[in-house]
Structure formats: structure tokens, C-alpha cells
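The values are calculated or read from the model by the stated rules, or taken from the named source; none is laboratory data. Remember, it's a predicted structure, so these values are computed and weren't measured experimentally. Neighbour counts are summed over all protein chains in view; Cβ atoms, including those assigned to glycine, are modelled from backbone coordinates with ideal geometry.
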Amino acid sequence: MAIDETKLQEFMGKAVGDMGAAISAVMVIIGDKLGLYKAMAGAGLLAPAELAKKTGTSERYVREWLCNQAAGGYVSYDPATGKFMLPPEQAMALSDEGSPVFFPGGFQILSSIFQDEPKIAERFVDGKGMDWGEHDPRLFEGTERFFRPNYLGNLTSAWIPALEGMESRLKEGAKVADVGCGLGASTILMAQAYPKSKFFGFDFHAVSIEKARERAKKAGVADRVTFEVCKATDYPGHDYGLVTHFDCLHDMGDPASAAKHVLKSLHKDGSWMLVEPFAGDKIEDNLNPVGRLFYAASTTVCVPASLAQNGIALGAQAGEKRLREIVTSAGFTKFRRATETPFNMVFEARA
């Protein structure tokens, strides 16, 4: 087979870039864990020794870390002074946990996946699933820290207002079920925004529910938020004005039964808000950087989670057509894409 040298060199360059990005993920985790980004935010130009002093770290390690970060465009370097700076745009994404674009949590997810690689490789061979709770614990906190900024930026400002009449109902007081709530980020944010409503967070992972309860107390909303361990197909309660599933239906073993339980638990005038990863209906629609990220997450987390429940392994790139089939087959007569972001599709379903 003839080799096109130009194409070979282009691919090798891409591979080297991927290796640099992969190993630099460790640098981001360290910068987040040790407070290096937070110390640089708003501080202007800093010498390695100055940053080391501010953070109680070793200058030699910090100097090498800064050079890596500058090479990757995460910090800037001033040759005239030999100092480094965290630009405000990067600071917003790397140091401000209240920012809607804060993303170091995603790198925590990566660290858990690398740790779990031997287990995932085994599943490739035996075809078995891997339950959420079997993963490295960094996955749980990383997932919450990764998704929470997206909820901060969109949940109460864009997604809920996009649902028919829902914002006013929540302001007046309604009952809400947040299914697959994890550590409770989405549940708590809604409770903070709509103090007259009552919120119930459900998840089958007991460790996450325990942490969610702690976070609700810390946030001052424990009086109107209840967290309970249960499955998406048997969570208690009825006449919910709103039921939500945030980036979790595709992980479930039986999303069709989960959809049927939503319909059963909803008030006759209630809405189901289904938030799923952005995806087209065809594979070729998803062969892009976002699809690349989501397919990898689906391979290592989402598909194994569903297979662990003897499920259909819907996957994180199911697309609107497949989701519509599941929702309407459960008995919902209305299904529409209410809004979207570059990373999510937000659907509203009604009886």
C-alpha cells in the first residue's frame, strides 16, 4: 500500500498534539488542586518564585508547570520579564468556580477514566457492564464540577424559561422531581432560584445522595429539598409539576420504562424536561470535536452503566430521533426541542 507522506506527517502532528493535550491534563488537575490558577487570577505578571510563594509550592516544579501551561496557551509568557500571567478569559474558565465556563471538573473525570482503563478494557472483551459505583470516586465529584457551570449558565436563565409556562409555575410554587440528580447540583440551583417550590432529588447511587444532602444543608435549601436513593423507574410521588433528567437518561438500563414512570408521576398539566448531550441522528453528524469527546465518555462511562443494568446501551450520542421514539412510545403526545447549547439539547415532553 502506497503511503502519502504529507498525510502521514499531518496525522503524526495530530497524534503528537493529542499526546501533549493528554499529558497536560495532569497539569490542569495539579493547577486546580494546588490553587495555582486561583493564585494567578487577577495577579498580573508573576515569576515562578512568586507563584510558588503564594501557593506554598516548590519553585522548580512551578516553573516547569508554567512553561507547560504557556506552551498550551493556558497562561501567557512575557519574555522581557521572564514572568507569566493568567489572562482574564482563562481565569474565568480555570479559577472561578462560579463561572458558567469553569471546566477543571472535566479533567477530574479524565483522571478517573485513566484509572479505570483496565476495567473498561476487560469489558471490551467480555461485553459486561460497569456500574456507576464501580468507577474511581473522582468521577462523581468531577461530573458534578463539570456539569454545574453549564447549569449555572443556562438552567434558570434559558432552559426553564424555554418550557411552556414553567417559570411562572415554579415562582408561584410547584413540586419538582430531579431524577438522576447525582450530587444535587441541578436540584440545589433550582431550589435557590425558586424558593416557593419543593424539590425532590432521586438517584440510585447512595454515596452521591449522601453528599447531595450535605450540600443542600450547606447551601441553605435543606428545608425545601429532599434527596432519596431510588431508581428512575420507581421513585416515589405523583402530581409533579416538573420532572427533570439532566444528562442521565442515556445512561439508564431501561430508558423506556423510566419515561413511562415520568408520565405516571407527572401532574396532568406537568412537563418533563429532558436534557441530553448534543448529537445529530447520524454518525457522520457527530464526527467533530464535541462528538469525539462525547463518544469517548459514552464508551467509558455511559454504555457500561447501561449494560450493568442489562440495558439497551443507548449511548451519549443517541440523537433527537431516537430520543423522540422512546418518549412518545411511553405515552407522551407532545415532544419538542425547547432550546439547545453547543453541548446540550433540551427537550420538553407533555402528556
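Observations on the model:
- Test result for residue 21, in the same structural domain as residue 83 (by TED's automatic domain parsing), surrounded by fewer than 17 Cβ atoms within 10 Å (Cβ to Cβ), among the small types (Gly, Ala, Ser) and in a helix (DSSP H, G or I): yes
- Pair list, Cβ < 6 Å and 6+ apart or interchain, from region 165-176 residues that are closer than 15 Å to residue 189 by Cα and without any contact (Cβ under 8 Å) to a residue 24 or more places away in the chain to residues that are in a helix (DSSP H, G or I) and aliphatic (A, V, I, L, M): 167/160
- One residue stands out among those in region 14-64 that are in contact (Cβ under 8 Å) with a residue 40 or more places away in the chain and at positive phi: the one that is farthest from the chain's Cα centre (by Cα), which is 44.
- Scan of region 120-144 for residues that are surrounded by 15 or more Cβ atoms within 10 Å (Cβ to Cβ) and over 19 Å from residue 24 (Cα atoms), ordered by number: 120, 123, 129, 130, 132, 133, 135, 136, 140, 141, 143, 144
- Among the residues making up region 244-277, those that are farther than 21 Å from residue 315 by Cβ and either under 15 Å from the mean Cα position of the chain (by Cα) or of a type in the set (A, V, I, L, M) (or both) are 263, 266.
- Filter result for the condition that a residue is assigned by TED's automatic domain parsing to the domain that holds residue 198, over 21 Å from the mean Cα position of the chain (by Cα) and either β-branched (Val, Ile, Thr) or assigned to a strand (DSSP E or B) (or both), over 237, 241: 241
- Of the residues making up region 152-205, those that are part of a loop (DSSP other than H, G, I, E, B) and closer than 11 Å to residue 244 by Cβ number 3.
- Reported count of residues in region 63-99, each being in a loop (DSSP other than H, G, I, E, B), surrounded by fewer than 16 Cβ atoms within 10 Å (Cβ to Cβ) and in contact with a Ser or Thr (Cβ under 9 Å, 6 or more places away or on another chain), is 2.
- Of the residues 237, 220, 253, the single one that is touching a residue at least 40 places away in the same chain (Cβ under 8 Å) and either on the phi > 0 side of the Ramachandran plot or in contact with a Cys (Cβ under 9 Å, 6 or more places away or on another chain) (or both) is 237.
Every residue, every condition in (1) closer than 22 Å to residue 207 by Cβ; (2) outside the structural domain of residue 344 (by TED's automatic domain parsing); (3) among the charged types (D, E, K, R); (4) over 22 Å from the mean Cα position of the chain (by Cα), yes or no:
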| site | (1), (2), (3), (4) |
| --- | --- |
| 87 | no, yes, no, yes |
| 114 | yes, no, no, no |
| 126 | no, no, yes, yes |
| 140 | yes, no, no, no |
| 144 | yes, no, yes, no |
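- Of everything in region 52-62 that is touching a helix residue (DSSP H, G or I) at 6+ places or on another chain (Cβ under 7 Å) and crowded, with 16+ Cβ neighbours inside 10 Å, the residue that is nearest to residue 149 (Cα to Cα) is 55.
- Against the test of being closer than 24 Å to residue 138 by Cβ and assigned by TED's automatic domain parsing to the domain that holds residue 231, the options 210, 172 yield a single qualifying residue, 210.
- When residues of region 314-351 are limited to those that are without any contact (Cβ under 8 Å) to a residue 24 or more places away in the chain and surrounded by fewer than 17 Cβ atoms within 10 Å (Cβ to Cβ), the one nearest to the chain's Cα centre (by Cα): 337
- If the condition is being touching a residue at least 60 places away in the same chain (Cβ under 8 Å) and either crowded, with 23+ Cβ neighbours inside 10 Å or over 16 Å from the mean Cα position of the chain (by Cα) (or both), then region 278-299 contributes only 279.
- Checking each residue in region 168-197 for being surrounded by 17 or more Cβ atoms within 10 Å (Cβ to Cβ) and over 17 Å from the mean Cα position of the chain (by Cα) picks out 169, 170, 174, 175, 176, 177, 191, 194, 197.
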